[in-house]
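Below is one structure, written out as structure tokens, with a few remarks after it.
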Amino acid sequence: MGPESLLAIVAIGYAVAQLFLIAPGMGLGYDEAVYASQFSRHGNPAAYHASRGWGTPLLVAPVVMLTDSVEALRIYLTLVSSLLLFLSFRVWLAVRPGYAVPLAAALFAGCWTTVFYGNEVMPNLYTAFGTVALTGLVLRAAAAREPVGRTTLAAVAVVAAVLPLFRPSDAMAVVVSIAGVTAVMMLSRRWRRTAALAMGALAAGSAVGFGQWVLESVLKYGGVVPRLELATYSFGTTKWLVDNHVRALDGPMFCATPAACGPVPPSALGWLAGAALLAAIGLVAAWKRGDWLTAVAPAVVGAGIAGAYLYHPGFTAPRYLLPAYGLWALVVAEGVLRSAAAVRPRTRVASAVACCALVLAAHVYVQHRYLMANLVPTESSRERSTLLAEDLRAIGYGRPCLVYGLNAPQIAHSLGCESIGVSGEKLLRASSYYIEDKVKSGYSVMVVYQGTTDRNASYLSGWPKYSLSSRDWYVRVNNGDRRPEAPGVLSEGGRG
């Protein structure tokens, strides 16, 4: 069986893993609801932060414009992510023929973050696929032994233009890293002309991709600097977060401090050490083979994007390193094949295959444990948002409507309302004038909160307060003088 056929099998297996391990009906998360709402058929987009790109909303637009079904959305994204896994790694078959590429795709697809985010409405995985594809396409063009085809150069430009739509900051790190590798190749007489053509295509595509971001910044935020200030408003000082990322190898989905990221997991340390050892073996093997570029380039570009998050002013999330994992998987796969090749001269081919299978199985076993450990609390949290939305339906509300507070985007997406989401102690600190203006303009306003955080908003004191089904969760509702569309079945102050 050829490498391309094996790669196709890996992509199919990736789709099956998503469908069987993650319930297609799992509710939307906070960021997912924000992205999905932008082109929702209800026409009530959630407040959109300055740091976000438009790639994810555009990707899901064909589904959310037609239906509210979460199942349909997740199945659609499962198919899209599996196809992109195949296409992005297929690019590398022209750069590195053989079985390293399908093995790398299998290693990357086996990561718990890759499986979890496969059908999530989030940009990180698509940034990873774009990074893998763009790096391979640039190498394919820059290291060509014959005149570079226009199709390859056009593909470089197209991917470079699309990548900033998803996560502009990640795309910048990727493009700068790839440009650095290409610039080094231009120093060689052997690659000078082809590398220059690849650099030109990369620059042209990046100009289009970042150009739309700059244009939006000027038109919507008053310029690039004001947008960057808004995008990084909640960031702290830049600091090394290596410890946090090591602690978060097994989760949680998001953390801000070492304590929140949890203890350093021994199994993850073993996994990390094994991956580093195999990557080192892969780099040495590629160097001895005289094909060092196919291993050094993904290692360097991966390090470039990882460095942007290891020294970072923001928070820690395992998904941030997905683009780096996608590229590093290519290097690790080289090491696995080299180790298997060392076994083969003394034994039969079957032993070498068994060596590769054993490494892959150990990797999948560890990652499956991490996936399950993170999936249970996530499903519970998503279910709570669904129940809260059902409670608000029971209480009753008019249209147009606004949900403000904790889990607001998820709740509002279910109800077809506008939303303003907040977190923690920031809750209810929005200007009272804004909320009151919404009421005066005919909106039903529902303020969802937990505990006593409504104490920060005196303007809510006269609004009816309802206890929700989740413990210590409440909502204050102002329907103005209108009758709600749905009769209330929850009594004021508690369950009816």
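The values are calculated or read from the model by the stated rules, or taken from the named source; none is laboratory data. What you see is a predicted model, and the numbers here were worked out from it, not measured in a lab. For neighbour counting, all protein chains shown are included, and Cβ atoms are generated from backbone atoms with ideal geometry for every residue, glycine included.
Name the residue, out of Ala329, Ala354, Ala342, Ala324, that is modelled with pLDDT under 90 and in the same structural domain as Arg247 (by TED's automatic domain parsing). Spell out how you get there, then give the answer.
Values: Ala329 fails: modelled with pLDDT under 90; Ala354 fails: in the same structural domain as Arg247 (by TED's automatic domain parsing); Ala324 fails: modelled with pLDDT under 90.
Among Ala329, Ala354, Ala342, Ala324, only Ala342 is modelled with pLDDT under 90 and in the same structural domain as Arg247 (by TED's automatic domain parsing).
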Those residues of the range 447-471 which are touching a Gly at 6+ places or on another chain (Cβ under 8 Å) and either in a helix (DSSP H, G or I) or among the hydrophobic types (A, V, I, L, M, F, W, C) (or both), in sequence order: Val447, Val448
Going through (1) over 27 Å from Val176 (Cα atoms); (2) touching an Asp or Glu at 6+ places or on another chain (Cβ under 9 Å); (3) of a type outside the set (Phe, Trp, Tyr) one by one, Asp250 fails only at (2)
Conditions (1) surrounded by 21 or more Cβ atoms within 10 Å (Cβ to Cβ); (2) touching a strand residue (DSSP E or B) at 6+ places or on another chain (Cβ under 9 Å) -> Val301 fails only (2)
Result of the Cβ filter at 8 Å on the range 3-26, keeping first residues that are over 22 Å from Cys356 (Cβ atoms) and partners that are basic (Lys, Arg) and assigned to a loop (DSSP other than H, G, I, E, B), at least 6 apart or interchain, is none
Enumeration of residues in the range 148-207 that are among the β-branched types (Val, Ile, Thr) and touching a helix residue (DSSP H, G or I) at 6+ places or on another chain (Cβ under 6 Å): Val148, Thr152, Val156, Val159, Val174, Val175, Ile178, Val181, Thr182, Thr194
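Does any residue of the range 383-402 turn out to be under 19 Å from the mean Cα position of the chain (by Cα) and either within 30 Å of Asn478 (Cβ to Cβ) or surrounded by fewer than 18 Cβ atoms within 10 Å (Cβ to Cβ) (or both)? Steps first, please.
We begin by selecting, within the range 383-402, every residue under 19 Å from the mean Cα position of the chain (by Cα); these are none.
No: the range 383-402 contains no residue that is under 19 Å from the mean Cα position of the chain (by Cα) and either within 30 Å of Asn478 (Cβ to Cβ) or surrounded by fewer than 18 Cβ atoms within 10 Å (Cβ to Cβ) (or both).
How many residues, within the range 118-132, are part of a helix (DSSP H, G or I) and crowded, with 24+ Cβ neighbours inside 10 Å?
10
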Going by what's in this entry, would Val184 be described as under 22 Å from Ala299 (Cα atoms) and under 22 Å from the mean Cα position of the chain (by Cα)? no
Could you please give the count of residues in the range 313-332 that are touching a Phe, Trp or Tyr at 6+ places or on another chain (Cβ under 7 Å) and outside any helix (DSSP H, G or I)? 4
Looking only at the range 109-151, and only at residues there that are among the hydroxyl-bearing types (Ser, Thr, Tyr) and farther than 17 Å from Gln18 by Cα, the one that is nearest to the chain's Cα centre (by Cα): Thr127
Check Gly223, Gly302 and return the single one that is within 19 Å of the chain's Cα centre (by Cα) and small (Gly, Ala, Ser). Gly302
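Quick grid of which residues meet (1) at pLDDT below 90; (2) small (Gly, Ala, Ser); (3) assigned to a loop (DSSP other than H, G, I, E, B):
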{"position": "Gly398", "(1), (2), (3)": "yes, yes, yes"}
{"position": "Leu402", "(1), (2), (3)": "no, no, no"}
{"position": "Ser414", "(1), (2), (3)": "yes, yes, no"}
{"position": "Ile420", "(1), (2), (3)": "yes, no, no"}
{"position": "Ile435", "(1), (2), (3)": "yes, no, no"}
{"position": "Val475", "(1), (2), (3)": "no, no, no"}
{"position": "Gly494", "(1), (2), (3)": "yes, yes, yes"}
